[in-house]
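Enquirer: Once you've had a glance at the structure underneath, I'll fire off some questions.
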Amino acid sequence: MHDEYEINKLAKEESWRMFRIIGELVEGFDSLADIEPAVTIYGSARLQPDDELYAQTEETAYLLGKAGFNVMTGGGPGVMEAANKGASRAEVKSVGLNIQLPQEQVCNDYANRSITFHHFFVRKVMLVKYATAFVIMPGGLGTLDEVTEVLTLIQTEKIKPFPVILFSTKYWRGFLDWLKATVLDCGAISAEDFDLLRVFDSPKDVVGAVEKWYKKHEVVGKKALQA
């Protein structure tokens, strides 16, 4: 009898969890429906404001904003804060999609629109769903997870082949060399997969690549609608 009670209790908890997940998805869809075109910027939460990369991230987001793009981040400190700061300075939508963590992460002060999620996977959906391009600044395990997920979604045609831009040749060189020398060599990926990536060291080059892709595909899209 006790076992049956525990099973029923667990079943009810799982059902309510499903509704909480749906609630997070609905909140995300409702809150972000008007932010396109937007660029998602990923990177380390541990980056300090006095680091050169912080200034480069802020400048990248600022220039993207001036070019007409809203900016989305994970809402936390480090790279996320720098990107939201740049977007806020450009007076565009600066979106922070925060996550509840055991060590509480507070959304940075530069996000002028923020949502806090409990489930990582819902947050990841939102960071991808409304993005026109992805800029990957140096980061740790979370950043590696995000860049490989985006590449997998493009590779498997689950999302459009949006630009995936790695910032800092020095930082990403080892990762790319490993992919080419080890992963490609054993046949786990194709040479064409590298066409999904661009590597830049200048905020202006990042923004130029995003603008070029967006303008080209915006024109193509309009022609297709007219046809």
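Enquirer: Quick one: which residue in 196, 144 is surrounded by 13 or more Cβ atoms within 10 Å (Cβ to Cβ) and within 26 Å of residue 98 (Cα to Cα)?
Expert: After applying the criteria, what remains is 144.
Enquirer: Restricting to segment 151-169, count the residues that are free of Cβ contacts under 8 Å to residues at least 24 places away in the same chain and on the phi < 0 side of the Ramachandran plot.
Expert: Of the residues in that region, 4 qualify.
Enquirer: Can I ask one more? I need the full set of residues from segment 112-131 which are within 10 Å of the chain's Cα centre (by Cα) and either surrounded by 17 or more Cβ atoms within 10 Å (Cβ to Cβ) or free of Cβ contacts under 8 Å to residues at least 60 places away in the same chain (or both), in order please.
Expert: Those that are within 10 Å of the chain's Cα centre (by Cα) and either surrounded by 17 or more Cβ atoms within 10 Å (Cβ to Cβ) or free of Cβ contacts under 8 Å to residues at least 60 places away in the same chain (or both): 123, 124, 125, 126, 127, 128, 130, 131.
Enquirer: OK, next. What pairs come up if the first residue lies in segment 40-63 and is at pLDDT 95 or above, the second is among the acidic types (Asp, Glu), and their beta carbons are under 7 Å apart, counting only those six or more places apart or on different chains?
Expert: Listed pairs, sorted by first residue: 42/146.
Enquirer: Next up: Quick check on residue 17: is it outside any helix (DSSP H, G or I) and surrounded by 12 or more Cβ atoms within 10 Å (Cβ to Cβ)?
Expert: no
Enquirer: While we're on this one: Just to be sure I understand, how many residues within segment 144-163 are among the β-branched types (Val, Ile, Thr) and under 9 Å from the mean Cα position of the chain (by Cα)?
Expert: Qualifying residue count for the region: 2.
Enquirer: Among the residues that make up segment 198-210, is at least one of them more than 19 Å from residue 69 (Cα to Cα), modelled with pLDDT under 95, aliphatic (A, V, I, L, M) and outside any helix (DSSP H, G or I)?
Expert: Looking through segment 198-210, none of the residues is more than 19 Å from residue 69 (Cα to Cα), modelled with pLDDT under 95, aliphatic (A, V, I, L, M) and outside any helix (DSSP H, G or I).
Enquirer: Please indicate, with yes or no, whether at least one residue in segment 83-94 is modelled with pLDDT under 95 and either closer than 18 Å to residue 123 by Cβ or buried (at least 23 other Cβ atoms within 10 Å of the Cβ) (or both).
Expert: no
Enquirer: Further question: Look through segment 157-180, keep the residues that are part of a loop (DSSP other than H, G, I, E, B) and not polar (S, T, N, Q), and return whichever of them is nearest to residue 198 (Cα to Cα).
Expert: 163
Enquirer: Does any residue in segment 176-205 that is farther than 14 Å from residue 151 by Cα come within less than 8 Å, Cβ to Cβ, of a residue that is part of a helix (DSSP H, G or I) and of a type in the set (Gly, Ala, Ser) six or more places away or on a different chain, and which pairs are these?
Expert: Qualifying pairs under 8 Å: 184/191; 200/209.
Enquirer: With the requirement that a residue be among the aliphatic types (A, V, I, L, M) and within 19 Å of residue 167 (Cβ to Cβ), what does segment 79-104 give you?
Expert: 79, 80, 82, 83, 87, 90, listed by residue number.
The values are calculated or read from the model by the stated rules, or taken from the named source; none is laboratory data. Since we're looking at a predicted model, the values are computed, not measured. When we count neighbours, we look across all protein chains shown, and the Cβ atoms used for this are built from the backbone with ideal geometry, even at glycine.
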